[in-house]
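Visitor: Supplied in structure tokens, the structure appears directly below.
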Amino acid sequence: MGQTIRIGRYIAFIVCSIQLSLFSQFSHATSQPPQAAIASAHPIATTAGEEIISAGGNAFDAAVAISATLAVVEPYGSGIGGGGFWLLHRASDNKQVMIDGREQAPGKAHRDMYLDKQGNVIPGLSIDGPLAAGIPGEPAALVHIAKHYGRLSLSASLAPAIRAARDGFRVDEYYQRMAGFRQNALQASPAAATTLLNHGAVPQTGSLIRQPELAATLEAIAKQGHAGFYQGEVADKLVKAVQRHGGIWTRDDLRNYQVIEREPVTGQYGDYRITTAAPPSSGGIVLMTMLNILSAYRLETLSELQRMHVMIEAMRRAYRDRAEYLGDPDFVSIPVKRLIHPWYADGLRAGIRMDKATESSALAAVPVVPQQGRHTTHFSVLDREGNRVAATLSINYPFGSGFIAEGTGVLLNDEMDDFSSKPGTPNVYGLVGAEANAIAPGKRPLSSMTPTFVESEHGIAIIGTPGGSRIITMVLLALLDYVNQGDATHMVNLPRFHHQYLPDRVQVEPAGFSDSVLDGLTGLGHKLKQLDADYGNMHVVVWDKRNNRVTAASDQRGNGQARVFTGPE
Ligand code: GLY
């Protein structure tokens with residue numbers, strides 16, 4: 001008996017050793033990607049990231065370089081006068097964290113600051129000029145990421161951005177379109193009218209935009225870190241300029257700004273582990289709610305019409321909850337566990353009929369008029385150690401508030417518009433917000449930014465996009481495509497549709513859907529709004545562990561660039 005047990009143990013040991021050795025061979029073959037990859041919204045930013053990885057930096061150093069370079073060359077999308085969320089995965093210990101560099105309401109902000117005496121929203125006040133600007137978080141986030149996660153010095157990682165600001169970049173047609181759209185706001189700011197416009201006019205394509213003052217501010221951050229932006233000369237100039245033009249920032253607002261490390265929202269969809277944005281972004285919770293609702297349908301067995309129908313119904317319900325529950329978690333209590341629990345989704349799903357659209361008014365109605373823009377930015381990075389970053393950054397509206405603080409080159413955000421200026425009244429994206437997202441000093445406005453990792457034993461996708469309230473549904477569509485074996489290029493170029501509870505409309509891109517499907521949706525009672533332009537600008541990196549291959553893609557709707565490269569051995 002004793003002998004049998006010993007032999008049994010011995011055999012078990014051998015079997016176990018063989019399994020371990022097979023496993024370690026498998027995990028060795030797949031634990032590190034064969035190549036690095038970057039997908040971002042601008043070729044100069046992608047090049048900056050590659051330069052940093054090639055110089056021995058990791059994905060986090062590259063993220064600092066790409067963020068800062070996008071701030072220079074894509075000023076309509078993000079900037080050091082704005083903020084964002086950097087979702088990090090560190091391969092050495094599998095740490096996953098969201099760096100919350102979201103803007104914060106100034107100390108003098110108050111709930112009714114954008115209302116007139118009658119309690120009506122004053123149009124434009126939360127969009128144009130420095131009163132619309134929250135305290136920026138991007139500089140603090142870059143310093144934090146470089147210090148705690150990077151391998152290179154902050155000044156090394158900021159060098160490509162400083163160069164781009166000093167030497168300039170060429171205006172393209174997209175820049176022109178965005179500058180035309182925000183020309184009035186930019187003209188109202190003398191520094192913006194000369195730096196980002198050509199003496200107030202939209203610059204010619206091919207002309208050079210040089211930003212020497214922004215280069216000097218980036219240099220101050222490179223040399224002094226956090227204090228280079230939030231204290232001293234730059235901070236003084238920022239506060240003076242803001243106050244001179246009607247804003248309410250103080251030196252204390254800047255001095256007190258801190259990034260927050262937040263635990264990402266996580267969940268499961270079939271065999272796939274989702275890691276995504278936590279509040280103050282609504283993105284992760286809304287995404288998980290939609291996925292949980294959809295998890296009971298075998299989507300691959302449904303017709304295109306049925307699939308779109310249930311996805312629209314999932315969107316409607318998840319966005320309704322967004323309006324009711326979500327805000328800055330440091331100010332409001334959000335029932336996160338409940339909202340992303342599969343049982344909660346069972347309840348939401350129970351009201352969905354396959355033969356009929358739900359009226360949003362049956363859930364709770366406020367009729368509103370949407371306005372949507374393409375704004376914000378996203379990039380995805382994977383390095384050869386397996387570190388990864390999904391970062392979605394914003395200054396909100398294209399070119400943010402349009403205001404550059406004199407002497408700093410810093411274009412300020414208009415992220416205050418992401419608060420509910422008046423609960424129940426929509427913001428520029430048509431999103432309704434309730435009490436949870438009311439303005440308060442020091443509070444961070446609710447966001448839709450949804451940087452996301454999707455992983456299974458077969459591989460990893462790093463996903464994200466700009467696009468205002470439509471960000472979350474774009475990420476949903478791409479994620480479901482990945483699960484359905486779509487590759488990076490297919491994911492970013494999918495035709496898009498969106499529903500956000502109110503207004504009760506399905507927004508549909510101009511191309512990509514057949515008349516019979518659209519007629520079918522109408523037949524079910526959906527109200528369609530066919531858009532005259534496409535939207536979003538998605539950037540995806542995929543590491544397929546089955547064939548150990550890395551791919552990357554940038555949305556054909558934008559001017560971005562995806563690159564897969566070997567980097568240093
Ligand atoms: N400002 C866009 C967002 O945060 O979702």
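Visitor: Find how many whole Å separate the alpha carbon centroid of segment 47-110 from the alpha carbon centroid of segment 194-249.
Guide: 18
Visitor: Here's a follow-up. In Å, the Kirkwood hydrodynamic radius of segment 79-219 over pairs of distinct alpha carbons?
Guide: Details: mean 1/r = 0.0561 Å⁻¹.
Roughly 17.8 Å, rounded to one decimal.
Visitor: At 1.4 Å probe size, with every protein chain present, just tell me what the per residue accessible area of the chain comes to in Å². Kindly include the intermediate steps, with their values, before the conclusion.
Guide: Working: 21350 Å² over 569 residues.
With the other protein chains kept in place, the chain gives 38 Å² per residue.
Visitor: A further question follows. Counting only Cα, what are the radius of gyration and maximum Cα-Cα distance Dmax of segment 508-569, in Å?
Guide: 18.1, 58
Visitor: A further question follows. Ratio to report: Rg/Rh of the chain, with Cα atoms as the point set and Rh obtained by the Kirkwood method; give two decimals. Numbers along the way, then the final one.
Guide: On the way: Rg = 23.8 Å, Rh = 23.9 Å.
Here Rg/Rh amounts to 0.99.
Visitor: For segment 220-369, compute Rg over Rh where Rg is the Cα radius of gyration and Rh is the Kirkwood radius from the inverse mean 1/r over Cα pairs.
Guide: 1.16
Visitor: Could you give the size of the charge dipole of the chain about its Cα centre, using +1 on the Cβ of each K and R and -1 on the Cβ of each D and E, expressed in debye and rounded to the nearest 20? Intermediate values should be presented prior to the final figure.
Guide: On the way: 51 positive and 54 negative charges, 148 e Å.
Result for the chain is approximately 700 debye, rounded to the nearest 20.
Visitor: Are there any helices in the chain, counted as whole DSSP H runs, that stretch 27 Å or more along their axis by Cα and score at least -0.5 on average by Kyte-Doolittle, and if so which? Walk me through the numbers on the way to the answer.
Guide: Working: long enough: 2-31 (41 Å, 0.62); 304-325 (31 Å, -1.01).
Span-like helices here: 2-31.
Visitor: Subtract the Cα-Cα distance of K529 and I122 from 0.36 nm times their separation in residues, and report this length gain in nm to one decimal.
Guide: Details: separation 407, 0.36 × 407 = 146.52 nm, distance 2.75 nm.
Between K529 and I122, full extension yields 143.8 nm more.
Visitor: Would you pull out the residues with amide H under 5 Å of Y269's amide H, same chain only if 5 or more places away, H placed 1.01 Å from N?
Guide: Under 5 Å from the amide H of Y269 lie the amide H atoms of I274, each far enough along the sequence or on another chain.
Visitor: At 0.36 nm per residue, minus the direct Cα-Cα distance, what do E261 and Q231 gain on full extension? Give it in nm, one decimal, please. Walk me through the intermediate numbers first.
Guide: Details: separation 30, 0.36 × 30 = 10.80 nm, distance 2.19 nm.
Stretched fully, the E261-Q231 segment lengthens by 8.6 nm.
Visitor: On the principal axes of its Cα set, how long, how wide and how thick is segment 220-285? Give whole Å, largest value first.
Guide: The Cα atoms of segment 220-285 stretch 54, 30, 14 Å along the principal axes, largest first.
Visitor: So what's segment 146-195 giving for Cα Rg divided by 2.2 N^0.38 Å, two decimals?
Guide: Working it through for segment 146-195, the quotient is 1.62.
Visitor: Which listed residue (V97, H490, M449) has the Cα farthest towards the positive end of the charge dipole for the chain, taking +1 on Lys and Arg C-beta and -1 on Asp and Glu C-beta about the Cα centre?
Guide: V97
Visitor: Separation between the L115 and D167 pseudo-spin-labels, each 7 Å from Cα along Cα→Cβ, expressed in nm?
Guide: Result for the modelled spin labels: 5.2 nm.
Visitor: With +1 on each Lys and Arg Cβ and -1 on each Asp and Glu Cβ, and nothing else charged, work out how big the dipole of segment 47-175 is about its Cα centre, in Debye to the nearest 20. Before the final figure, lay out the partial values.
Guide: Numbers: 11 positive and 14 negative charges, 88 e Å.
That gives a dipole near 420 debye.
Visitor: In whole percent, and with a 1.4 Å probe on the protein chains, what portion of the accessible area of the chain is carbon and sulfur?
Guide: Details: 11070 of 21350 Å².
The value for the chain is 52 percent carbon and sulfur by accessible area.
Visitor: Here's another thing I want to ask about it. Could you give the dipole magnitude of segment 280-391 about its Cα centre, charging the beta-carbon of Lys and Arg +1 and that of Asp and Glu -1, in debye to the nearest 20? Mind dumping the intermediate values first?
Guide: Details: 14 positive and 12 negative charges, 35 e Å.
Once rounded to the nearest 20, the dipole reads 160 debye.
Visitor: I've got another one for you. Find out how many positive minus negative residues lie around T217, taking Lys and Arg as positive, Asp and Glu as negative, among other residues whose Cβ is under 13 Å from that of T217.
Guide: On the way: positive: R166, K223, K237; negative: E138, E213, E219, E233, D236, E406.
Neighbour charge sum, excluding T217 itself: -3.
Visitor: Also, I was wondering about something else. Evaluate the distance, in nm, between pseudo-label points positioned 7 Å from the Cα of D252 and of S333 along their respective Cα→Cβ axes.
Guide: About 2.9 nm separates the two model spin labels.
Visitor: Applying the Karplus parametrisation 6.51 cos²θ - 1.76 cosθ + 1.60 with θ = phi - 60° to the phi angles of segment 456-465, what ³J(HN,Hα) value in whole Hz is obtained for each residue in order, glycine and proline being reported as x?
Guide: These are the phi-based 3J(HN,Hα) values: 9, 5, 8, x, 9, 10, 10, 10, x, 7 Hz.
Visitor: Taking only the alpha-carbon atoms of segment 302-346, what semi-axes of the equivalent ellipsoid follow from 5 times the gyration tensor eigenvalues under a square root, in whole Å, largest first?
Guide: Numbers: eigenvalues 145, 28, 7 Å².
They are 27, 12, 6 Å, listed from largest to smallest.
Visitor: Considering just Cα atoms, how many Å³ per residue does the convex hull of segment 287-414 enclose?
Guide: On the way: hull volume 27.4 nm³, N = 128.
Expressed per residue, the convex hull around the Cα atoms of segment 287-414 is 214 Å³.
The values are calculated or read from the model by the stated rules, or taken from the named source; none is laboratory data. Just so you know, these numbers come straight off a predicted model, no measurement behind them. Glycine gets a Cβ as well: all are built from the backbone with ideal geometry, and neighbour counts include every protein chain shown. These area figures cover heavy atoms from the full protein model, side chains too; ligands, DNA and RNA do not enter into them. Shrake-Rupley method; radii C 1.70, N 1.55, O 1.52, S 1.80 Å.
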